[in-house]
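All of the numbers you see were taken from the coordinates with simple rules; none came from a lab. Here the structure is a predicted model, which is why all the values come from computation and not from measurement. Here the Cβ is made from the backbone with ideal geometry for all residues, glycine too, and neighbour counts use every protein chain on show.
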Amino acid sequence: MERVFSRITQHDSCNDWLEFVSSATYTSSEKTGVGASAHHSGQIMGRKMEWDGRVIEWAENDSIVWQAISGIPEAMRMKAVNRVEKEGEGTRYSLEVEYMPPYSILGRIMDLIMIKRNIRKMVQHSAQNLKRILERF
């Protein structure tokens, strides 16, 4: 469990498993704990984006919550909730991406049809990528 948590804390190397992040660089001197921040670039829904994020919750060997604080992800009030928990002899990692579509009722219908499915796939692929990386060692 500690190994999985340790890996998800290395945010500047998350681009090898987080599917929607192509690069992340710390913008704070702290790299762990509440208040750590980073600048990200990546692709969400096929659109290239840049945004800043800050850790708003940190529970050692349990969970980390990143909140977008700039760009389109901030407008969507995007949060990434990372959880690690013991499961039998192994560890379960889960990633939940929370957001509010910043548009009309038509946009919310599109969200239900397209965006949620796309984000769910990216999250599933990211978790599979992390598992593959950790199983190599």
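Quick notes on this structure:
- Taking other Cβ atoms within 10 Å as a rough exposure proxy, HIS40, HIS11, HIS125 sort from fewest to most as HIS125, HIS11, HIS40.
- Nearest-0.05 FRET efficiency for MET114 and GLU60, computed from C-beta distance (R0 30 Å): 0.25
- Taken along the Cα-to-beta-carbon direction at a fixed 7 Å, the label points for ILE72 and GLU96 span 2.5 nm.
- Annotation: the residues ILE113, ILE8, ILE72, ILE44, sorted from fewest to most other C-beta atoms within 10 Å of their own C-beta, follow the order ILE113, ILE72, ILE8, ILE44.
- The trypsin sites (Lys or Arg not before Pro) of the stretch 1-97 that DSSP puts in a loop, and whose beta carbon has at most 13 other beta carbons within 10 Å, are ARG77.
- The chain: calculated mean residue ellipticity at 222 nm from DSSP helix runs of at least 4, using -39500 (n - 2.57): -8500 deg cm²/dmol
- In the distance distribution for the stretch 1-111, Cα-Cα pairs more than 19 Å apart total 45 percent.
- Cross-link pairs LYS31/LYS116; LYS79/LYS116; LYS79/LYS121 - those with Cα-Cα distance over 25 Å: LYS31/LYS116
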